[in-house]
Amino acid sequence: MMPVNQFWMRPLPGLHRYRTPTRGLYLSGVGTWPGGYFSGIPGHNTAQAVLQDLATGRIATTS
């Protein structure tokens with residue numbers, strides 16, 4: 001792993017907070033921070049980002 005693909009640059013610069021430019025599309029898995037092993041932490045962090053976006057109205061639920 002190169003330093004350019006670590007920390008806030010994982011998997012790409014701008015996608016380190018699990019959100020993508022497409023509204024409602026999130027990244028998760030070993031390719032996201034703090035991935036590289038199987039721990040479940042990236043999934044937890046992605047779920048927290050989704051819950052935060054739901055609470056702030058950035059995304060809406062459909063009924």
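Throughout, read-outs are computed from the coordinates displayed, never taken from laboratory work. Just so we're clear, the structure is a prediction, and the values are computed from it rather than from any experiment. Backbone-built Cβ (ideal geometry, glycine too); neighbour counts: all protein chains shown.
Can you tell me the length gained on complete extension of the stretch Gln48 to Leu12, counting 0.36 nm per residue apart and subtracting the Cα distance? Numbers along the way, then the final one.
Values: separation 36, 0.36 × 36 = 12.96 nm, distance 1.97 nm.
11.0 nm is the gain from fully extending Gln48 to Leu12.
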Summing +1 per Lys or Arg and -1 per Asp or Glu among the other residues with Cβ less than 15 Å from Ser28's Cβ gives +2
Scalar couplings 3J(HN,Hα) for segment 47-55 by Karplus 6.51 cos²θ - 1.76 cosθ + 1.60 (θ = phi - 60°), nearest whole Hz, x for Gly and Pro, are 4, 5, 5, 5, 4, 5, 5, 5, 5
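If you take every residue apart from Asp53 with its C-beta less than 11 Å away from the C-beta of Asp53, what net charge results, scoring Lys and Arg +1 and Asp and Glu -1? Don't skip to the end; give the middle numbers.
On the way: positive: Arg17, Arg19, Arg23, Arg58; negative: none.
Summing Lys/Arg as +1 and Asp/Glu as -1 gives +4.
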Arg19 neighbourhood, Cβ < 10 Å, K/R = +1, D/E = -1, net charge +2
